[in-house]
Amino acid sequence: MLNPVTDAFEAQLRAMLPAAAFKDDSAPYLTEPRGRWAGQGLVIAPGTTEDVAAVVKACADARIGIVPYSGGTGLVGGQLLQDGPAPVVLSLERMNRIRDIYPSENVLVCDAGVILADVQKAAEGVGRLFPLSLASEGSARIGGLLSTNAGGVNVLRYGNARAQCLGLEVVRPDGTIWHGLTRLRKDNTGYDLRNLMIGAEGTLGIITGAALKLAPRPVGVGAAMMAVPSPAAALDLLAMAGERIGDGISAFEIMHRQGFDFLAEVGPEVKQPFDNIPEWCVLIDVGLPAGLPPEAALEGLFEAAFEAELVTDGVIAQSHAQRDAFWHIRESIPEANRRIGSVSSHDISVPLSAIPEFIQRGKQALAEVGAFRINCFGHLGDGNLHYNIFPMPGRTRADYEAERPRVKEVVHDMVHAMDGSVSAEHGIGRLKVDDLEHYGDPVKLSMLRAIKDALDPLGIMNPGAVLRQV
């Protein structure tokens with residue numbers, strides 16, 4: 001059993017750490033973006049890896065839980081603990097240094113508390129690209145992004161966060177430090193501890209530093225919005241784009257008109273790309289080397305797709321500002337969703353060929369539960385859909401509390417039946433522990449438990465996240 005933080009333990013930490021490590025206002029660290037839970041605990045923000053190690057050692061000695069806190073943007077409750085003994089909430093915000101950049105190696109080494117947008121700017125400053133990109137990049141921090149193996153819009157070309165990391169520095173649950181900040185691409189010297197820590201959501205240790213892979217900046221970038229008659233046509237368009245443009249496709253996003261309707265209803269204000277909003281459209285983003293104009297590549301794709309009846313309309317960005325406007329639409333949809341208030345939100349993935357069937361079956365199955373609005377959008381290029389269910393006009397999500405469990409069950413049962421995942425990129429956190437137990441392979445679950453027990457025998461690291469606290 002874990003023990004709660006006491007006044008005596010807080011005094012012990014105050015004697016170890018500078019005053020700047022303690023927060024006058026802990027409230028922002030004890031809430032989450034959707035407002036479904038409230039956390040608890042003593043919030044501290046160490047400034048160095050050694051200070052993190054000292055705190056973890058003290059918590060291990062006192063058997064007090066630790067909840068790592070990064071940018072606070074997680075949507076599955078992994079950054080707060082609502083019930084049980086009050087933990088230490090360990091924020092990485094003061095560990096925000098870019099340690100080194102090696103342009104010739106395409107490597108950047110940084111503290112885990114660096115904000116993603118700052119990593120992107122640092123890479124741009126040496127003529128490189130850090131391609132991890134998502135709506136919360138102005139506040140999400142590298143440690144949390146790696147701990148959840150974040151995805152974002154560029155997974156199609158560059159992979160998840162896991163694929164963009166070479167090495168890690170990690171404080172283990174006993175307070176020792178694993179110095180794994182290698183910049184090597186090849187290192188076959190035993191188990192891959194880096195990939196064990198990435199995606200572990202802080203349950204096996206605290207990431208304090210990372211060696212990140214950079215990429216060459218494309219010489220020409222462009223984007224287009226194309227209206228498609230159906231999700232099946234969007235998939236065919238994706239295949240055609242791959243044949244014509246190859247690895248130059250950076251992102252391929254699908255959006256239903258419900259997202260545009262929500263933007264018109266509650267904002268944020270955006271400039272609509274079409275005179276008549278289509279039922280379905282895709283946002284295609286490309287980055288090409290010198291000598292390959294992106295506008296010409298997208299125009300050729302549109303012409304071929306129009307002839308094949310895969311698209312019915314399209315707008316190709318003629319400037320960086322117009323490209324940014326297209327992305328502003330895509331990145332504003334989650335905020336519009338938040339303002340409407342979802343009954344149940346789902347971060348799911350299914351095999352690409354199953355997406356049209358899933359969308360059709362989902363609409364039919366949910367109609368049997370009740371009347372809802374469905375906003376389906378996401379990263380079609382990698383099979384990740386954000387499949388969110390909303391109240392009908394004039395009602396709120398509070399009116400649907402009785403239906404919410406059934407809605408989630410219907411969606412997740414379909415995902416599982418189609419060999420998909422009920423957590424594509426947001427992680428398990430505490431929200432989906434039941435789902436992992438219900439849908440997860442029993443052998444996999446036993447292996448996860450064995451790893452947790454071996455590396456964190458006291459169970460102090462993010463207790464109750466990913467695996468149920470025992």
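Quick test for you: out of Arg172, Arg185, Arg194, pick the one residue that is in contact with a Gly (Cβ under 9 Å, 6 or more places away or on another chain), open to solvent by 60 Å² or more (accessible area, probe 1.4 Å) and either among the polar types (S, T, N, Q) or closer than 25 Å to Asp100 by Cα (or both). Can you show your working first?
Values: Arg185 fails: in contact with a Gly (Cβ under 9 Å, 6 or more places away or on another chain); Arg194 fails: open to solvent by 60 Å² or more (accessible area, probe 1.4 Å).
The conditions single out Arg172.
Can you work out which of the residues in the stretch 138-169 that are at positive phi and either charged (D, E, K, R) or open to solvent by less than 20 Å² (accessible area, probe 1.4 Å) (or both) is modelled with the lowest pLDDT?
Only one residue tops the list, namely Gly152.
Could you tell me whether Gly362 is crowded, with 22+ Cβ neighbours inside 10 Å, in contact with a Phe, Trp or Tyr (Cβ under 7 Å, 6 or more places away or on another chain) and part of a helix (DSSP H, G or I)?
Numbers: crowded, with 22+ Cβ neighbours inside 10 Å: no; in contact with a Phe, Trp or Tyr (Cβ under 7 Å, 6 or more places away or on another chain): yes; part of a helix (DSSP H, G or I): yes.
The answer is no for Gly362.
Can you tell me which residue is nearest to Leu301 (Cα to Cα) among those in the stretch 197-229 that are out of contact with any helix residue (DSSP H, G or I) (no Cβ under 7 Å at 6 or more places or on another chain) and open to solvent by 10 Å² or more (accessible area, probe 1.4 Å)?
Step by step, filter the stretch 197-229, then rank; the result is Pro229.
Can you find a residue in the stretch 342-353 that is among the acidic types (Asp, Glu) and within 17 Å of the chain's Cα centre (by Cα)?
Yes - at least one qualifying residue is present in the stretch 342-353.
Taking the stated definitions as given, is Leu436 at pLDDT 95 or above, touching a strand residue (DSSP E or B) at 6+ places or on another chain (Cβ under 8 Å) and in a helix (DSSP H, G or I)?
On the way: at pLDDT 95 or above: yes; touching a strand residue (DSSP E or B) at 6+ places or on another chain (Cβ under 8 Å): no; in a helix (DSSP H, G or I): yes.
No.
Given the criteria among the aliphatic types (A, V, I, L, M), over 30 Å from Pro4 (Cα atoms) and either out of contact with any Asp or Glu (no Cβ under 9 Å at 6 or more places or on another chain) or in a helix (DSSP H, G or I) (or both), does Met447 qualify?
So Met447 fails the test.
Among the residues of the stretch 201-208, is any modelled with pLDDT of 95 or more, among the acidic types (Asp, Glu) and within 30 Å of Pro351 (Cβ to Cβ)?
Yes: one or more hits.
Under 8 Å by Cβ, and 6 or more places apart or on different chains, what pairs join a residue from the stretch 142-170 that is under 22 Å from Phe252 (Cα atoms) and without any contact (Cβ under 8 Å) to a residue 60 or more places away in the chain with one that is of a type in the set (Lys, Arg) and open to solvent by 20 Å² or more (accessible area, probe 1.4 Å)?
Hits for this filter: Ala163/Lys213; Gln164/Lys213.
Just checking, which of Arg468, Arg373, Arg397, Arg430 is at pLDDT 95 or above and open to solvent by 60 Å² or more (accessible area, probe 1.4 Å)?
Arg468
Table: residues versus (1) in contact with a Phe, Trp or Tyr (Cβ under 6 Å, 6 or more places away or on another chain); (2) at positive phi; (3) not in a helix (DSSP H, G or I).
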{"position": "Leu235", "(1), (2), (3)": "no, no, no"}
{"position": "Met240", "(1), (2), (3)": "no, no, no"}
{"position": "Gly246", "(1), (2), (3)": "no, yes, no"}
{"position": "Ala251", "(1), (2), (3)": "no, no, yes"}
{"position": "Val270", "(1), (2), (3)": "no, no, yes"}
{"position": "Ile277", "(1), (2), (3)": "yes, no, yes"}
{"position": "Cys281", "(1), (2), (3)": "no, no, yes"}
{"position": "Ile284", "(1), (2), (3)": "yes, no, yes"}
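From the list Ala317, Ala290, which one is at pLDDT 95 or above and aliphatic (A, V, I, L, M)?
Ala317
The values are calculated or read from the model by the stated rules, or taken from the named source; none is laboratory data. Everything numeric here is computed off the predicted structure, so don't read it as measured data. Ideal geometry is used to build each Cβ from the backbone, glycine not excepted, and the neighbour counts take in all protein chains shown. Accessible surface is based on the protein model in full, side chains and every heavy atom, while ligands, DNA and RNA are left aside. Shrake-Rupley method; radii C 1.70, N 1.55, O 1.52, S 1.80 Å.
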